[in-house]
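The structure appears right after this line, and notes come after that.
Each value in this text was obtained by applying a stated rule to the coordinates, not by laboratory testing. The model shown is predicted, which means the values in this text are computed figures rather than measured ones. Here Cβ is always computed from backbone atoms with ideal geometry, including for glycine, and neighbour counts include all displayed protein chains.
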Amino acid sequence: MKRLYLLRHAKSSWGDPGLDDHERPLSPRGRRAAPLVGAHMAREAYHPDLALCSPARRARATWSHVRDMLDCEIDEEIRRDVYLASLCELFNLVRCIEDRYASAIVVGHNPGMAEFAVELTGGLSRNEKMATFGKYPTGALAVFDLADDGWQETAPGGCRLVEFVRPSDLETIPGR
């Protein structure tokens, strides 16, 4: 069984309207949230073998904060095709992952991440999916187990949602 993690970049800053979208940094809130998600992944033993990350500064910074919390070897690829990827592009991206990887994380952007999570999830009605993912807030992590053993078999409704967690969920859990 393969495991897929979908991580939307943490909250970015809009403080400098002259910056190119690729260059927007994380906001202070984003810099606090990303390590929380990484610590959560470490506690839950979520250890991706492969990371596919958007080249946008906010996505790379999010991944850096998360990765720093994980104690495992992770192959990493900064991929232009992750930046603002559509639903179709995300399916193609995941279907091309080499089967030697048991797990992978995609660090990207909305609206593609939200649409992809909704389409992957099996066993829930459309309304339940929308209630679960909402607008897929910044810094949110979805964890899926794929029904098939090969990435190339990734299909709509073909995954079981293991967990969906927002940074705000982690900030309010006692003892964390």
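Report the net charge of residues surrounding His109, where surrounding means a beta-carbon distance below 15 angstrom and charges are Lys +1, Arg +1, Asp -1, Glu -1. Spelling it out: positives minus negatives among the neighbours equals +3. Could you please report the charge total around Ala155, scoring K, R as +1 and D, E as -1 over all other residues with beta-carbon less than 10 angstrom from its beta-carbon? Summing Lys and Arg as +1 and Asp and Glu as -1 gives -2. So what does the Cα-only Debye profile of the chain read at q = 0.20 Å⁻¹, as log10 I(q)/I(0), no solvent term? The calculated log intensity ratios at q = 0.20 Å⁻¹ are -1.45.
Among residues other than Glu23 with Cβ under 14 Å from its Cβ, the summed charge is +1 (Lys and Arg +1, Asp and Glu -1). Converting phi to 3J(HN,Hα) with the Karplus coefficients 6.51, -1.76 and 1.60 and the offset θ = phi - 60°, the range 119-136 yields 5, 5, 5, x, x, 10, 6, 4, 5, 5, 5, 5, 5, 5, 8, x, 9, 6 Hz in sequence order, with x at every glycine or proline.
For the chain, relative contact order (Cα pairs under 8 Å, six or more residues apart, normalised by length) works out to 31 percent. When peptides 83-89, 60-66, 164-170 are ranked by their average number of other Cβ atoms within 10 Å per residue, the highest-first order is 60-66, 164-170, 83-89. Highest mean packing first, where packing is the average number of other Cβ atoms within 10 Å per residue, the peptides 140-150, 1-11 line up as 1-11, 140-150.
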